[in-house]
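Asker: Once you've had a glance at the structure underneath, I'll fire off some questions.
The values are calculated or read from the model by the stated rules, or taken from the named source; none is laboratory data. Quick caveat, the model's predicted, so the values are computed rather than measured. Using ideal geometry, Cβ is built from the backbone for each residue, glycine included, and neighbour counts are taken over all protein chains shown. When the accessible area is computed, the model is the full protein with side chains, heavy atoms only, and any ligands, DNA or RNA have been set aside. Shrake-Rupley method; radii C 1.70, N 1.55, O 1.52, S 1.80 Å.
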Amino acid sequence: MAQKEGNSKCYYVISPESPDYEKIKNVKGVVKKYSFKYYWLLYNVSNYISTEAPAHLNILRSNNKYFRLATCEHPFIFLQHGITYLKCQGPSSTFVLNKEGEPAYMVVGSQKELDVCADMLKLSEERFLNTGLPIFSKIQYKHIDESSPDKVVIMLTWKSYEEHIQEFTNSEYYQNVMSIYHMLERYMAAENIIIVPHPKMASLCENTPLKHNMWEGSISEVLQYAKLLITDYSSVCYNSFYQGGGVIFFQPDLVHYQAEAGELIPADDEYIGYRVFNLDELEKVIEKAITDGKIRLETVRNKEFEKRYLTINEYHDGKNIERIAIKLKELNII
């Protein structure tokens, strides 16, 4: 859309490891990540448009402060890679006003998300583009239904306050994942239980009984099969729900987590799935949600949860990218 309708000279960065690299490497404006041209452009462009923070653009480390700070001095349009309506973006966030990742503009998926991001990041509302996130133009809305394969995905987040634990199996992360897995085994076949390890934990999980159920592909791919997602604080809950899956929030360490990471954003009546705080509460929900190995979507994805979701992510017509392009053209960025 930038090529066809925009007025700017745009470049498109792609990693040579990407499965799409061979398809588009010869297209005009496509630049290989970390090439000489890539770094030349890095210090000369007018704007960055990305789903990641500007600090991730540059893997070079230099004693020259101008090179170090260059990627933080160009205007940054933050497309977001996931909805910001779960974990707090506190004062330490890279995206807060006057921090290195402060966006000139930021894409959001609803007025509700806009309001909370403006407040947390200390940015004016005019700097938010309420268009819907680009990722939701690339995944199918509500393609998961009662007839879909009965797959449960366990995806808990790793906590930085457990990094001092030398024996991985002593961590709450590992013990919680194992407890949930063994509970689910009583309700469905083991091959229908998928564990998505945190990237930091993947290699450690390979040496445990979890290895046979570990997902080795991308997170975006596994969410296509998640008829039920069990998570704690991951924003992928919104991606999963968008596709038609149900979500359960398992938060036994809530007090400790919020003491370290800040208060969670949603009020209790804004969660898009059942919220439980121990294994007994989780099992009560599982008993209702899974019968003879079949996930009952009407239990974990009721009308109230759907209503709440649509206030957080308003757009489901697959046209978010078109809306973003129109806004960026109006702002003379593309």
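Asker: Taking the criterion of being more than 23 Å from Ile333 (Cα to Cα), at pLDDT below 85 and not in a loop (DSSP other than H, G, I, E, B), would at least one residue in region 67-77 satisfy it?
Answerer: Within region 67-77 (the criterion being more than 23 Å from Ile333 (Cα to Cα), at pLDDT below 85 and not in a loop (DSSP other than H, G, I, E, B)), the answer is yes, since at least one residue qualifies.
Asker: Could you grab the pairs with beta carbons closer than 6 Å, sequence gap of 6+ or different chains, first residue in region 179-193 and in contact (Cβ under 8 Å) with a residue 24 or more places away in the chain, second one of a type outside the set (Asp, Glu) and open to solvent by 30 Å² or more (accessible area, probe 1.4 Å)?
Answerer: Going by the 6 Å Cβ cut-off, the qualifying pairs are Ser179/Leu279; Asn192/Lys151.
Asker: Can you confirm whether Glu113 is open to solvent by less than 20 Å² (accessible area, probe 1.4 Å), charged (D, E, K, R) and more than 23 Å from Pro252 (Cα to Cα)?
Answerer: yes
Residue-by-condition table, conditions (1) surrounded by 15 or more Cβ atoms within 10 Å (Cβ to Cβ); (2) hydroxyl-bearing (Ser, Thr, Tyr); (3) within 25 Å of the chain's Cα centre (by Cα):
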site: Asp269; (1), (2), (3): no, no, yes
site: Val276; (1), (2), (3): yes, no, yes
site: Ile290; (1), (2), (3): yes, no, no
site: Arg301; (1), (2), (3): yes, no, yes
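Asker: From the list Phe128, Phe168, pick out the single residue that is at pLDDT 95 or above, aromatic (Phe, Trp, Tyr) and more than 21 Å from Tyr271 (Cα to Cα).
Answerer: Phe128
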